[in-house]
Amino acid sequence: MKKKYLFIAAALVGAACIYSCKKQLNPAQDSVVESSITPRYLNSIVLGAYTKLQPLAGSGDVLLISEATTDALIIPIRVGGDWLDGDEHIQLWLHSYLPGHGQIGPAWSDIYAGIGQINITIGLLQGLPATSTSASSIAELKALRCYFYYLLLTNWGNVPYIISSNTNASTVQTTPAATIFQDLITELKADAPLLSSKTPIADPSQYGRLNKWGCYFLLTKLYMNQNAITGSSDNSGYTTASAYCDSLMTAGYSLNSTFLANFASNNNVGNTENIFVIPFDHIAAPGLTIQMMTFHYNQAAKYNWGSTGGPWNGYCANADYYALFNNADVRKAGWQQGIQYAADGVTPLTTRGSDSSLVLNFRPQVTGFLQATPATEYDGVRQQKWQLTPGFQGQDADFPLFRYSDVLLMKAECVYRLGSPTAALTYTAPVRQRAGLTNFSPAAFALDSIYNERGREFVWEGWRKEDQIRFGHFEDKKQFKPVDPNTHARLFPIPTTAIAQDPNLKQNTGY
């Protein structure tokens with residue numbers, strides 16, 4: 001049995017032991033008989049909280065709104081009306097979303113469902129006799145809660161800050177983002193020393209869990225985005241983030257020799273790069289279904305998907321984004337482009353009829369976008385870096401949330417912003433070399449060189465929106481979208497459903 005199967009099994013046992021499909025934000029706290037607590041049980045209930053990460057990745061709404069609002073992922077309406085969906089995907093691309101948007105509301109709910117489950121688990125553990133083990137478990141859960149709140153800060157700003165299952169979620173007010181930011185910093189600094197300093201390679205029990213270095217990575221992200229979150233405008237956040245990068249570079253992580261190894265079905269084995277992942281398995285923990293969202297309907301037979309009801313021919317990238325990758329870049333293999341063939345590798349596939357059964361030839365150009373002028377079935381290149389599991393919608397690859405290559409590129413960015421562009425090249429070099437590219441020349445190296453490198457390295461991994469905001473590109477003109485008139489779309493609207501449940505919440509500016 002693979003290590004990640006053990007993790008998944010323990011997590012599911014923990015979730016089943018304590019929770020019963022509770023959908024409200026902070027349901028009543030459960031109780032257990034103290035004599036039933038064993039170290040194994042304690043571990044399993046902590047791992048149970050991690051199951052709430054799975055809806056955030058794959059084809060989840062949190063990942064979608066973090067990428068489809070940027071230049072990296074476009075979901076055009078296609079001939080025949082596919083992906084019309086009330087123009088929700090169009091609104092993400094155009095930054096014209098409103099409080100009732102069909103992906104923004106569920107994304108908010110998924111995040112708060114995770115927070116609610118963590119709050120219940122912490123309350124349960126705090127009711128047990130205090131030990132060093134229970135203290136570490138509580139610290140781990142608090143660190144995980146910080147990650148969920150990080151997603152809220154970077155996507156909504158001022159939000160209800162609920163850290164107890166005893167809080168009535170229908171009466172709380174929004175807390176300023178700057179206040180939550182500082183609380184997360186304090187919390188993570190307190191939690192990190194109580195957690196393991198061993199990497200998953202050194203201690204397999206740390207796989208898929210937040211350890212000391214996961215806390216440091218999250219602290220780095222907070223400080224990198226300090227100005228965007230709090231409204232400050234100095235370089236103090238980059239100074240501190242740089243120091244945390246230095247610590248992470250001593251932790252024992254390193255780049256995998258092969259880029260695509262980070263997304264292989266066995267990426268839980270011997271992986272030195274992935275610091276924190278969401279474990280998936282096509283049977284035990286399904287949900288990583290990115291390929292079903294991006295591949296063409298008629299590719300089903302090639303991958304033995306005939307009985308799964310997919311794929312659905314939606315997500316793609318346009319020519320502008322695809323142009324970031326030159327032919328020497330090994331990361332370009334993460335895209336499907338050109339004529340697509342059947343399983344025999346010889347017979348060309350065709351479109352399914354709305355385009356007159358043409359040869360299925362994925363092209364970077366997206367020629368249409370709206371219902372009146374839709375895209376063809378073959379417009380846009382498709383993403384395939386997560387290894388497929390033929391015959392199943394779900395994939396076996398685990399979803400990397402924190403990667404060591406991100407540490408290197410964050411360090412490069414900090415060093416550049418703090419006034420040492422030449423020194424920053426030291427940290428872009430390993431990432432570029434692994435991609436089969438020479439490093440940037442000092443004369444051509446600019447801050448946007450790092451921005452574009454991040455666009456190549458972290459395709460559809462959930463970082464593009466905050467990267468665009470930090471580098472000042474979120475409002476830029478892109479295909480089908482003019483320059484935004486202001487910056488209000490950087491923060492999503494508080495969902496209509498959330499305000500209906502709690503009228504004390506204050507809507508974000510511009511909505």
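Observations
- Looking across the range 378-424, the residues that are assigned to a strand (DSSP E or B) and either aromatic (Phe, Trp, Tyr) or open to solvent by less than 10 Å² (accessible area, probe 1.4 Å) (or both) come down to ASP379, VAL381, ARG382, GLN383, PHE399, PRO400, PHE402, ARG403.
- Listed by first and then second residue, the pairs with beta-carbon distance under 8 Å, at least 6 apart or on different chains, first residue in the range 170-192 and surrounded by 13 or more Cβ atoms within 10 Å (Cβ to Cβ), second small (Gly, Ala, Ser) and not in a helix (DSSP H, G or I), are ALA177/GLY157; ALA178/GLY231.
- Unique match (being surrounded by fewer than 19 Cβ atoms within 10 Å (Cβ to Cβ), touching a helix residue (DSSP H, G or I) at 6+ places or on another chain (Cβ under 7 Å) and of a type in the set (A, V, I, L, M, F, W, C)) among LEU370, LEU358: LEU370
- Checked against (1) open to solvent by 10 Å² or more (accessible area, probe 1.4 Å); (2) part of a loop (DSSP other than H, G, I, E, B); (3) within 16 Å of THR154 (Cβ to Cβ), GLY102 passes all but a single condition, namely (3).
- Among the residues of the range 301-330, those identified as open to solvent by less than 60 Å² (accessible area, probe 1.4 Å) and either in contact with an Asp or Glu (Cβ under 7 Å, 6 or more places away or on another chain) or under 16 Å from PRO364 (Cα atoms) (or both) are ASN313, GLY314, TYR315, CYS316, ALA317, ASN318, ALA319, TYR321, TYR322, LEU324, PHE325.
- Against the test of being part of a helix (DSSP H, G or I), touching a Leu at 6+ places or on another chain (Cβ under 8 Å) and either modelled with pLDDT of 95 or more or under 25 Å from GLN468 (Cβ atoms) (or both), the options LEU141, LEU125, LEU152 yield a single qualifying residue, LEU141.
- Just one of (1) closer than 19 Å to LYS52 by Cα; (2) open to solvent by 20 Å² or more (accessible area, probe 1.4 Å) fails for ILE275. It is (2).
- Just so you know, in the range 425-435 the residues that are touching a residue at least 40 places away in the same chain (Cβ under 8 Å) and out of contact with any Asp or Glu (no Cβ under 9 Å at 6 or more places or on another chain) include one that is least open to solvent (accessible area, probe 1.4 Å), and it is ARG434.
- Every residue from the range 282-300 that is open to solvent by less than 10 Å² (accessible area, probe 1.4 Å) and farther than 29 Å from LEU219 by Cα: GLN291, MET292, THR294, PHE295, HIS296, GLN299
- Residue ranges of helices (runs of 4 or more DSSP H) in the range 439-511 with at least 1 members farther than 28 Å from ALA57 by Cβ: 447-457
- Inter-residue pairs, beta-carbon under 8 Å, first acidic (Asp, Glu) and in the range 436-458, second assigned to a loop (DSSP other than H, G, I, E, B), 6+ apart: GLU457/ALA435
The values are calculated or read from the model by the stated rules, or taken from the named source; none is laboratory data. The model shown is predicted, which means the values in this text are computed figures rather than measured ones. Ideal geometry is used to build each Cβ from the backbone, glycine not excepted, and the neighbour counts take in all protein chains shown. Each accessible area value is taken on the protein alone, full model and side chains, heavy atoms only, with ligands, DNA and RNA left out. Shrake-Rupley method; radii C 1.70, N 1.55, O 1.52, S 1.80 Å.
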